[in-house]
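Engineer: Shown below is the structure under consideration.
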Amino acid sequence: MHGVGEPERLGEVRLPDGRNLGWAQWGPADGVPVLFFSGAAMGRSLGFGADVLARLGVRLISVDRPGLGASSPSPERTLNDWVMDIRHLASALALPRFGIVGFSQGAPFALACAAAGLPSAVAVVSGQDDLNASELAGMLHPDVAGMVRRAVEEPATFEATFAGMGNAEVLWKLITGTSSAVDLAVYTSPGFEPAYRRALEEGVSQGARGYARDLTLAMGRWPFDLGRIQVPVALWYGGHDTSIVHSPDHGAVLARRIPTASRHLLPEAGGSLLWTHAADILESLLRSGRH
C-alpha cells in the first residue's frame, strides 16, 4: 500500500575521508537515477513509488545522511559538506544525470545540491522552508520560532539537547501527534506504519546525534543562495499538511525565492503526498530534468 516495499538492493559507498555512505535502491537498474533525501531521522529503507518505478523507468536511490542508519557520523558537517558527499556518491555509482527528491527535513539538503548545480532537477515534497527567511517572520508557530532562534544563537547547546532526547518512539509520537486525519490515514495504515517505524528505528540506530545535527543545520541559516539556483525545482505541498515545521505558507515564500521554482499545492492531499501522489511527482521531475 502507498508504494512502499522492501529495498531491492542495499549498499555503501566509501568516501575519501574513510566514512561510509549507506544507500538503498528500488526500480530498474538501468532506470533514470533519482536520489531520495528522506525526512527527519528516517533511515534508507523507506522509499516511495515502488508500484510505479518500473513503469516510469526510475532507479530510486535513498541515501542515509551522516550519523543516520548505515552512514558514518560526521559531527561537524555542514549542508555544503553534504553536497560533496553526494558528488562522491554519484561518482562511485557511476550515475549519469540524476534528479533529487527531498522530503520534509530533506529539503535543505536537496536545495544545497541544487544550488551547487549537481542534479538535473529537484522535487521538494512537504519541504521545510528556510525558517530564518525574513518573509516568514510572524508566520512561524511560537515553538518553531524559539527553536530557530536557539539553533542560530546557541547551535551547540541546541544540538546537544536534541542529541539526548531523540528515539524512534518519541519521533513517531511527534509525527502522528501533529498530523492531520488525512495523513494519519496513510501513516497508520497496516501496510505503511511498520515500514515508517522501521525507518525511524534505523535512523536513530547509532543514537540521535545524526538527527540532532540535521535538525541544527535545517533550523539554522542555510549557507547557500536560493536565488542562484538554476536547475528546475518543483515544490509540492498538500492542503491538509498540518505540520508546524513544514513551510507554514505551503511553499509560497520558498517559490518566490527560487527563480526556477514551480509550486504545486494539492488541496485534497496532506503532508504524506509523497506516498499518495508519487507518480505525479516523479513524472514532473523527469519532464523538468529533460530525461
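Engineer: Given 83, 58, which one is closer than 19 Å to residue 264 by Cβ, touching a helix residue (DSSP H, G or I) at 6+ places or on another chain (Cβ under 8 Å) and of a type in the set (A, V, I, L, M)?
Structural biologist: 58
Engineer: Right, next: Within the range 185-214, restricting attention to residues that are hydrophobic (A, V, I, L, M, F, W, C) and within 19 Å of the chain's Cα centre (by Cα), which residue is nearest to residue 241 (Cα to Cα)?
Structural biologist: Of everything passing the filter in the range 185-214, 186 is nearest to residue 241 (Cα to Cα).
Engineer: Among (1) assigned to a helix (DSSP H, G or I); (2) at pLDDT below 95, which single condition is residue 138 missing?
Structural biologist: Result: residue 138 passes all but (1).
Engineer: Quick one: would you say residue 76 is farther than 22 Å from residue 49 by Cα, assigned to a helix (DSSP H, G or I), among the charged types (D, E, K, R) and at pLDDT below 95?
Structural biologist: Here the answer is no, as residue 76 does not meet what is asked.
Engineer: Moving on. So is residue 62 polar (S, T, N, Q), open to solvent by less than 10 Å² (accessible area, probe 1.4 Å), part of a loop (DSSP other than H, G, I, E, B) and in contact (Cβ under 8 Å) with a residue 40 or more places away in the chain or not?
Structural biologist: No, not satisfied.
Engineer: Next question. Output the residues belonging to the range 158-193 that are of a type in the set (Asp, Glu) and either open to solvent by 30 Å² or more (accessible area, probe 1.4 Å) or modelled with pLDDT under 95 (or both).
Structural biologist: Passing the criteria: 159, 169, 193.
Engineer: Would you be able to tell me the number of residues in the range 278-291 that are open to solvent by 40 Å² or more (accessible area, probe 1.4 Å) and not basic (Lys, Arg)?
Structural biologist: 3
Engineer: Moving to a separate point now. I need a count of the residues in the range 202-252 that are part of a helix (DSSP H, G or I) and surrounded by fewer than 18 Cβ atoms within 10 Å (Cβ to Cβ).
Structural biologist: 3
Engineer: Now a separate question. Can you tell me which residue among 155, 75 is touching a residue at least 24 places away in the same chain (Cβ under 8 Å), over 22 Å from residue 46 (Cα atoms) and either surrounded by 24 or more Cβ atoms within 10 Å (Cβ to Cβ) or touching a Ser or Thr at 6+ places or on another chain (Cβ under 7 Å) (or both)?
Structural biologist: After applying the criteria, what remains is 155.
Engineer: A follow-up question, please. Of the residues 146, 138, which is free of Cβ contacts under 8 Å to residues at least 12 places away in the same chain, over 20 Å from residue 237 (Cα atoms) and open to solvent by less than 50 Å² (accessible area, probe 1.4 Å)?
Structural biologist: 146
Engineer: Now for a different question. Output the qualifying pairs, or none if there are none: Cβ atoms under 6 angstrom, residues six or more apart or on different chains, first residue in the range 164-182 and in a helix (DSSP H, G or I), second residue small (Gly, Ala, Ser) and open to solvent by less than 30 Å² (accessible area, probe 1.4 Å).
Structural biologist: If the second residue must be small (Gly, Ala, Ser) and open to solvent by less than 30 Å² (accessible area, probe 1.4 Å), the pairs left are 171/41; 182/270.
Engineer: When only residues in the range 258-277 that are in a loop (DSSP other than H, G, I, E, B) and open to solvent by 50 Å² or more (accessible area, probe 1.4 Å) count, which is farthest from residue 104 (Cα to Cα)?
Structural biologist: Restricting to residues being in a loop (DSSP other than H, G, I, E, B) and open to solvent by 50 Å² or more (accessible area, probe 1.4 Å), the top hit is 259.
Engineer: I need a count of the residues in the range 1-46 that are in a strand (DSSP E or B), open to solvent by less than 30 Å² (accessible area, probe 1.4 Å) and within 24 Å of residue 125 (Cα to Cα).
Structural biologist: 11
Engineer: Shifting gears a bit: Condition first: among the aromatic types (Phe, Trp, Tyr) and free of Cβ contacts under 8 Å to residues at least 60 places away in the same chain. Now tell me which residues in the range 1-59 satisfy that.
Structural biologist: Scanning the range 1-59 gives a single hit, 26.
Engineer: Kindly indicate whether residue 255 is free of Cβ contacts under 8 Å to residues at least 24 places away in the same chain and open to solvent by less than 30 Å² (accessible area, probe 1.4 Å).
Structural biologist: Yes: the conditions hold for residue 255.
The values are calculated or read from the model by the stated rules, or taken from the named source; none is laboratory data. Note that the structure is a prediction, hence the values are computed from the model and not measured. Note that each Cβ is placed from the backbone with ideal geometry, even for glycine, and that neighbours are counted across all protein chains shown. Accessible surface areas use protein heavy atoms only, side chains included; no ligands, DNA or RNA. Shrake-Rupley method; radii C 1.70, N 1.55, O 1.52, S 1.80 Å.
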